[in-house]
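The values are calculated or read from the model by the stated rules, or taken from the named source; none is laboratory data. For clarity, every value in this text was computed on a predicted model and none was experimentally measured. Neighbour counts run over all protein chains shown; Cβ positions are idealised from the backbone, glycine included. Remember, those area values only see protein heavy atoms, side chains included, never the ligands or the DNA or RNA. Shrake-Rupley method; radii C 1.70, N 1.55, O 1.52, S 1.80 Å.
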Amino acid sequence: MAAATERIPVLVTPDQKAKISKKAKAANLTVGEFVRRAAEAYQPDDDDDVLERLIEQIKNTAAKASKALDAILAFVAESEKRIEQMEAAHPRKRAI
């Protein structure tokens with residue numbers, strides 16, 4: 001392994017530093033070696049991208065469904081008005 005000659009400044013909170021130091025000590029590694037190994041082992045998870053796209057698709061679908069329901073409710077309301085007008089124009093004869 002080549003000698004480390006480059007620096008990557010990373011700011012962490014005191015709590016994060018304590019956790020990283022504790023994990024490095026438990027692994028019997030220096031903090032630098034622990035962080036290097038963790039960075040090398042890290043593989044971004046495609047699941048996050050898939051979930052974000054799925055959430056966006058659900059939001060879009062819900063918005064379309066809401067608009068469709070609003071349109072249907074408006075149509076039903078207009079139909080009810082037309083029916084009331086027709087009934088008013090042609091009242092039923094009541095049986096005696």
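Observations
- Anisotropy class of the chain from Cα gyration tensor, a/c 1.5 cut: prolate
- For the chain, with all protein chains in place and a probe radius of 1.4 Å, 59% of the accessible heavy-atom surface sits on carbon or sulfur.
- Derived scalar couplings between HN and Hα for region 35-44 equal 5, 4, 5, 5, 5, 5, 7, 5, 10, x Hz in order, rounded to whole Hz, by the Karplus curve 6.51 cos²θ - 1.76 cosθ + 1.60 (θ = phi - 60°), x for Gly and Pro.
- 1.4 Å probe accessible area per residue over region 48-92, in Å²: 96
- Given the chain, longest segment not containing exposed loop trypsin sites (Lys or Arg not before Pro) (DSSP; at most 12 other Cβ within 10 Å): 8-91
- Taking all protein chains as they are arranged and a probe of 1.4 Å, the heavy atoms of Glu84 leave approximately 120 Å² accessible to solvent.
- When the surface is traced with a 1.4 Å probe over the full set of protein chains, Ile55 keeps roughly 90 Å² accessible.
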